[in-house]
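To keep things clear, I will list the structure first and then write my remarks on it.
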There are 6 protein chains.
Amino acid sequence: MPIVEVHILSGYDAEAKRRLGEALTDAVRFVVPAPPEAVTVMIHEMPGEHYYRGRTQRSGAPALADPKEIVRSYLLAMERRDIDTAQEMLGDGFVMQFPGTAPMSKLSELIEWAAPRYRSVTKTYEGFDAMQSSSDAAIVYARGTLSGVWPDGTDFEGIRFIDRFELIGGLITQQDVWNDIAEVRAST
Amino acid sequence: MPIVEVHILSGYDAEAKRRLGEALTDAVRFVVPAPPEAVTVMIHEMPGEHYYRGRTQRSGAPALADPKEIVRSYLLAMERRDIDTAQEMLGDGFVMQFPGTAPMSKLSELIEWAAPRYRSVTKTYEGFDAMQSSSDAAIVYARGTLSGVWPDGTDFEGIRFIDRFELIGGLITQQDVWNDIAEVRAST
Amino acid sequence: MPIVEVHILSGYDAEAKRRLGEALTDAVRFVVPAPPEAVTVMIHEMPGEHYYRGRTQRSGAPALADPKEIVRSYLLAMERRDIDTAQEMLGDGFVMQFPGTAPMSKLSELIEWAAPRYRSVTKTYEGFDAMQSSSDAAIVYARGTLSGVWPDGTDFEGIRFIDRFELIGGLITQQDVWNDIAEVRAST
Amino acid sequence: MPIVEVHILSGYDAEAKRRLGEALTDAVRFVVPAPPEAVTVMIHEMPGEHYYRGRTQRSGAPALADPKEIVRSYLLAMERRDIDTAQEMLGDGFVMQFPGTAPMSKLSELIEWAAPRYRSVTKTYEGFDAMQSSSDAAIVYARGTLSGVWPDGTDFEGIRFIDRFELIGGLITQQDVWNDIAEVRAST
Amino acid sequence: MPIVEVHILSGYDAEAKRRLGEALTDAVRFVVPAPPEAVTVMIHEMPGEHYYRGRTQRSGAPALADPKEIVRSYLLAMERRDIDTAQEMLGDGFVMQFPGTAPMSKLSELIEWAAPRYRSVTKTYEGFDAMQSSSDAAIVYARGTLSGVWPDGTDFEGIRFIDRFELIGGLITQQDVWNDIAEVRAST
Amino acid sequence: MPIVEVHILSGYDAEAKRRLGEALTDAVRFVVPAPPEAVTVMIHEMPGEHYYRGRTQRSGAPALADPKEIVRSYLLAMERRDIDTAQEMLGDGFVMQFPGTAPMSKLSELIEWAAPRYRSVTKTYEGFDAMQSSSDAAIVYARGTLSGVWPDGTDFEGIRFIDRFELIGGLITQQDVWNDIAEVRAST
C-alpha cells in the first residue's frame, strides 16, 4: 500500500518519467512486501520559479539516458567491430577485464586479445539488470549466450556469458566479462 | 533537487526504513542527474487506523529481509558445506547453473559437480549489487575471487567469479555462476 | 480546521471538480464539527504520465454525471409521460415499488397502476438529498408535494411524497415511492 | 485511483477516523467512477502545537456522534414509548410531520396522533442512509416495514415506511415520516 | 534540512513567487539553525477551481507590492521634493515623526520643518530591512547617511540616519525618522 | 487562503514551533494579501530515521533562541551596567555605533562615551521588530523613549531612540543606536 510522491523540476520527458515511476516502484518493493499494484507513484513537477533552495531558484538538468540502452548500443558496436562508435561511449579511466588476461584500457587491446580466441562472436541476450549504485555509477548487467566461429572455422553457440558495466554520467567507465569459453574449449 | 515522500504503514524497523531511504535515493539518481546530497527522502508512517483502501483499514506486512544478507549467508553456508542451512534458504523451483554442466536443482548435485574440480574453495568478495526486478524477484550479484585447493593438493587464488541470484519472498529461486576456473586451468 | 487534499488524474471538468470539492467538504463535516469555512479542499490534478500503479501508467475515466440531475430529468420525463426518454435512464434489473402494489419492473406497469388513482400529477420539490452509498450505488431522495387531478376530475394539491432512487453508473436501478395519497383519500 | 489526504487535529478516536475514512471514500466515488479498492484515504493527525491559523494555535473539537446511531436510539426509545429518553435527543425548534396531520413539535402530540391508528408498532429496518447536507444539518433516512397491532386488536405487518431526520450538533431538529398505513387500511 | 511547501492560488508573477520563496526561507532560518542551502521551498499553485473553502471556490488576490520598493520610491520622491508623487503613496491616518518636533500628518509640514535645518539633503543607503509585522502592517527600515547643504551654504555628509515605515495594503501609514543631525551640529 | 506545510526533524519544543508558525504566517502575508485567519501553517515533524539526504540519516539541531529575547536581556543588563552579563551575549567581531562617536568594539568604551552624556538612562520600549536577514544574521530593532538623569542632575524623559542589532548564532555581532539626545540638548 505504499504511496510514493516525488517532486522534481519540470523538463523531463515522458520516457524519463516512466523510468522514474518504475525505479521508485521497484525501490519500494525491494523493502516492502507489496504486490506491484499496491504501489502507487505520483510525480509532482514544478517549474524552476516554484522551487528554491537557499533562497535561490534552481533549474533541472536533463534526465540521464537509460544506461541499459547505452550498454546495448555499445555491445552492438563492439560486435560490429565499430570501434569508433564504441570508443565515444567510454568515460575517463575506462578499464575492462576479460577472462584470462590483465585489465585493459583500450578497445584495440581487446581486439588483439580476442583474435586467437574466436574469429567472430554474436551475443544473444537473456536479460539485462540495471540499477543505480550507492555511488555515482549506474550498474548494468547483460547476460545470455555467445555464438560464433572458432579460429579453426568451426561454429560454436550457446556459451553462457555475463557482462557487468559501470557508467558515470552516461559514459561507460568499467566493463567486466565472464563466460564459459574456456570451459567449453576444455571439454571439446 | 528531487524530494521523495513515501507513505507507509507503521511497523517497519529502523533498518528497513534506512534500506527504503537508500533504495529510493538510488532510484531517483538512476534517472535524475543529481548528486546524492541533492536527493531528500522523507518517510511518512501511518498507523493502520489512518489508512483506508476501499473503505477498509489496512495493516502493514513485515519488511522483506535484505536479499544481500540472505545471499551472503547462503554463500557462507555453502562454503562451509552446511547443506542443511543452505537448503532452508531455497524457494520452490530452485534451479542453479554452473559452468560446464546442465542446470541443477539440488545442492547435493552441486557437491558432486564440484568434487573433481577443487578440494575446497573460499570466496573473497569485491562487491555486491542488489536490486528489485520488475517482477517479484529481487536480484543479487556477488563478485570477487576464488581461492582454494585443487584436487591435486596445490593451491589457487585470485580466480574471478560472479554469482547471480534471484529471490522471491526472501527465498533463493535461482543461482547462476560464472568464473575463470577453466580459463586458469587451461593456461596452467 | 481540516484540510483535504485529493489527487486525481486530469480530465475532470470544472463542474465535476466543484461537485468533488463539495462532497469532500460535506464528508468531513459529517464527522468533524467544523463550520463550512473551516474546511479547505485542494484538488491536485495529474496527467497520466505522472501517475503509476504497479509500474503502469493509468488514465482517468470521465466523471459520473450528477445523480440528482439524472433523477430530476427522469421525474420530469415521467410527469410528461415521456416513457421512452425515462426508459433510457434505467439500468439492468430496474425495480420500483409504489404504495399498495407489488414491485414493478416496467414503466408501463406504473402507468397502469396510476390510471385508477389520478388523471394527472405534478411534483413540486421541497428538496433533494444525494449521496454515495458504501456500495456502487448512488442514492438520491426527492421529496415535496403532489398536485393533480383525481379520476373524478377534481383537483388535489399539497400531498406529501418522497422518492428514493438508487443509481449505478449513472442509470437508475431502483425507485421506491411513498406518499400520503391514500391518507388524503381516506380522510375525504 | 484517487488518493485523499486529510489533515486533522489529534483527538479523534478510531471509530471517528473510520467513519471519516469511509465518508471521504464515498465522497470521491460520488463523482469519480472508481471501484472502492481504487480509492485510498490517508488521515494525517497533528497535535495542536503543529497547527496555526492566523498565527494562533488551534485545538480540535470532539467528533460528532454518528447520526445514524442517534436516530436508531431515538426510534428505539419511541417504540418503547420512552418519551423522556427520546426528548433528550431533540434540538431546539424540533418539528415532526406525520401522515395526515399538521406538523407537531411535541412528542406527546405524536402519542395522541398515534392512539386511534394503532395500539403498538415495531419497526423492522431495511436500511439507513446518512449524509451531511450542505448546511449544518446531517440527514438520516431510515426505511423498512412496520408491524404491530391495529386498534381492533388484529395484527399487521410488512407495511412500508420511511423516516427522514435532520440533526444539528447531534440533536434531532426535524423528523418527516411517510408510510403505507392508510393505503393498507383502505385496501382492507 | 527543513522543507517548506506553500499552496497558493494561481496568479502570482515570478517576482512575487521569488519574494515568497525568500521570505519563507528566512522565516525558517529565524528559528531553525540551518544554513540557507539546507532550506528548500516548494510553491504549489492551484487554479481557483481546485480550491474550496466552505464548499466555495476562491480566487486569489494580486500580490502585495514589495514594500521595500515602495519606500525607496517614496524617499526618492521626497528627496526631489516631488510632494504629489509622495502623497499618493500615503495611506489613511498617515503620521510621521521627525527629530525635535511633534508628529506631523502632512508632507507640507515636513517641508516647513526641514527648511531651517538644511537647504537640501540626499540619502545614501547602507541597507534596508523589511518584514511583515504580526498585524496587517509591513515594516521597512532604511538606513544610511545623509549628505547635503546646510542653510549657510556649507556642505555636510556622512550623517547617520534611519527611517522606519509601516505600510498597510501597499500604502505608507507611518514614518519615524532618527538621525545624527543635531549631534553633528552640536559638535561643530 | 495560503496553506504552508513545513517538514522538520523532531526535537523542537512548543515555543520554537510557535515561533516557526508565526514566522511562516508573517512571511506569507509579506507577499500575499491575506488576512491572518486565511493563512494556515502545518508543521510536520519527523524522527531522524524518517529523513535522508544523500542516503544519509540526518538529525536536527536545537532551535535558535528568540533573538528578541536575547536583545531584551542584553539591554536590561546594560541598563544595570552589568557588563559581564552583557559581554557574554556578544559574538566575535562585535561592533557598535552610537551617535557622535566612532564605532566601538568594547562595552567599556561605551561606558566612557556615555559618562559625559548622562548619569543614568532607562529605556521604555514602544516596540520590537525582528526578522531573519538574507544572510546568517537575525535583525532586531528596539525602539521607544529614554528617561534618566543629565550630568547636571536634572531629569529627562520621552527622548526617542532606536537600536538595531545583528545576531549570528544567538550572539550579538552589531549594535547601531540613534536617538534624539543631541536634538533635545540643543533645544534646551
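The values are calculated or read from the model by the stated rules, or taken from the named source; none is laboratory data. The shown structure was predicted, so the numbers you read here are calculated from the model rather than taken from an experiment. Cβ atoms come from the backbone with ideal geometry, glycine included; neighbour counts cover every protein chain shown. Only protein heavy atoms, including side chains, enter the accessible area calculation; ligands, DNA and RNA are left aside. Shrake-Rupley method; radii C 1.70, N 1.55, O 1.52, S 1.80 Å.
Local charge sum around C:MET1 (other residues, Cβ-Cβ under 9 Å, Lys/Arg +1, Asp/Glu -1)?
Net of charged neighbours comes to +2.
Around C:LYS17, what is the net charge, scoring Lys/Arg as +1 and Asp/Glu as -1 over all other residues with Cβ under 12 Å from its Cβ?
It works out to a net charge of -3.
Given H placed 1.01 Å from N in the peptide plane, which residues other than close sequence neighbours of D:LEU90 have an amide H under 5 Å from its amide H?
Answer set, sorted by chain and number: D:ILE172.
With contacts defined as alpha carbon pairs under 8 Å and 6 or more residues apart, what's the relative contact order of chain A in percent?
Reported as a whole number, the value is 17 percent.
Output wanted: per-residue J couplings in Hz (rounded whole) for the stretch A:84-94, from phi through Karplus 6.51 cos²θ - 1.76 cosθ + 1.60, θ = phi - 60°, x for Gly and Pro.
Per-residue couplings from phi come out as 4, 4, 4, 4, 5, 8, 9, x, 4, x, 4 Hz.
So what are the ³J(HN,Hα) numbers for the stretch F:121-128, from phi and the Karplus equation (6.51, -1.76, 1.60; θ = phi - 60°), rounded to whole Hz, Gly and Pro as x?
Using θ = phi - 60°, the values come out as 8, 10, 9, 10, 8, 9, x, 10 Hz.
Using a 1.4 angstrom probe, figure out how much accessible area the stretch A:3-57 has per residue, in square angstrom, rounded to the nearest whole.
Accessible area per residue: 27 Å².
Once R0 is set to 45 Å, what does the formula 1/(1 + (r/R0)^6) return for the Cβ-Cβ distance between F:ASP152 and E:ARG81, expressed as a FRET efficiency to the nearest 0.05?
0.65
Work from the charge dipole of the stretch B:32-151 (Cβ charges, +1 for Lys and Arg, -1 for Asp and Glu, about the Cα centre) and give the residue of B:ILE139, B:GLY93, B:THR40 farthest towards its positive end.
B:GLY93
Taking a label point 7 Å out from Cα toward Cβ, give me the nm distances from B:ARG185 to the same spot in the other copies, shortest first, one decimal.
1.5, 10.2, 10.4, 10.4, 10.7
Of all GluC sites (Glu not before Pro) in the stretch F:67-145, which ones are in loop regions per DSSP and have a Cβ with at most 12 other Cβ atoms within 10 Å?
Listed in order of number, the matching sites are F:GLU88.
Ordered shortest first, which distances in nm separate the 7 Å Cα→C-beta label point of C:ALA102 from those of the other copies?
4.3, 7.1, 9.9, 9.9, 11.3
Taking the axis that carries chain F onto chain B, what is the nearest Cβ in chain F, and at how many Å, to the whole number?
F:HIS44, 5
Please report the accessible area of B:THR122 (heavy atoms, 1.4 Å probe, ligands and nucleic acids excluded) in Å², nearest 10.
For B:THR122, solvent-accessible area is about 60 Å².
In debye to the nearest 20, how big a dipole does the stretch C:118-188 give about its Cα centre with +1 on each Lys and Arg Cβ and -1 on each Asp and Glu Cβ?
80 debye
Quick check: from the Cα gyration tensor, does the protein assembly as shown come out rounded (a/c under 1.5), prolate or oblate?
Judged from the Cα gyration tensor, the protein assembly as shown comes out oblate (a/c at least 1.5, b/c at or above a/b).
Roughly how much accessible area, to the nearest 100 Å², goes out of reach of solvent when D and C pair up, both sides summed, probe 1.4 Å?
5600 Å²
Would you mind checking which residues have amide H under 5 Å from B:GLU126's amide H? H placed 1.01 Å from N; only 5 or more apart, or other chain.
Amide H neighbours of B:GLU126, under 5 Å, 5+ apart: B:ARG143, B:GLY144, B:THR145.
So, with a 1.4 angstrom probe, what is the percent of accessible area on the protein assembly as shown that is carbon and sulfur?
On the protein assembly as shown, the fraction of accessible area on carbon and sulfur atoms equals 48 percent.
Based on DSSP, what percent of beta bridges with both residues in the stretch E:67-186 are antiparallel, to the nearest 5?
90 percent
Which distances, shortest first and in nm, link A:THR154 to the matching position in the other copies, using label points set 7 Å out along Cα to C-beta?
Spacings between copies for this position, smallest first, are 2.7, 10.6, 11.4, 11.4, 12.3 nm.
Report, by chain and number, residues whose modeled amide H sits under 5 Å from the one on F:HIS44, excluding near sequence neighbours (fewer than 5 apart, same chain).
Result for F:HIS44 returns F:VAL6, F:HIS7, F:ILE8.
Let me confirm one metric for peptide B:93-103, namely the mean number of other chain beta-carbon atoms within 10 Å of its residues' beta-carbons.
2
Calculate the spin-label point distance for A:GLU37 paired with A:ALA186, positioning each point 7 Å from the Cα along the beta-carbon direction, and give it in nanometres.
A separation of 4.9 nm, rounded to one decimal place.
Select from the stretch E:166-188 all residues whose loss of accessible area on going from the chain by itself to the full protein assembly reaches 40 Å² or more (probe 1.4 Å).
Residues passing the criterion (a loss of at least 40 Å², heavy atoms only) are E:TRP178, E:ALA182, E:GLU183.
Counting Lys and Arg as +1 and Asp and Glu as -1, each charge on the Cβ, what is the dipole of the stretch E:67-186 about the Cα centre in debye, to the nearest 20?
Dipole size: approximately 180 debye.
For E:LEU171, what accessible area in Å² do you get when you roll a 1.4 Å probe over the heavy atoms of the protein chains, rounding to the nearest 10?
The accessible area comes out at roughly 70 Å².
Quick check on chain F: helices-only [θ] at 222 nm, where DSSP H runs of length 4 and up contribute -39,500 (n - 2.57) each and the sum goes over total residues. Nearest 500, please.
Estimated from H runs of four or more residues: -7500 deg cm²/dmol.
Taking 51 Å as R0, compute the FRET efficiency from the Cβ-Cβ separation of A:PHE128 and C:ALA102 and round it to 0.05.
Once the sixth-power term is evaluated, E becomes 0.15.
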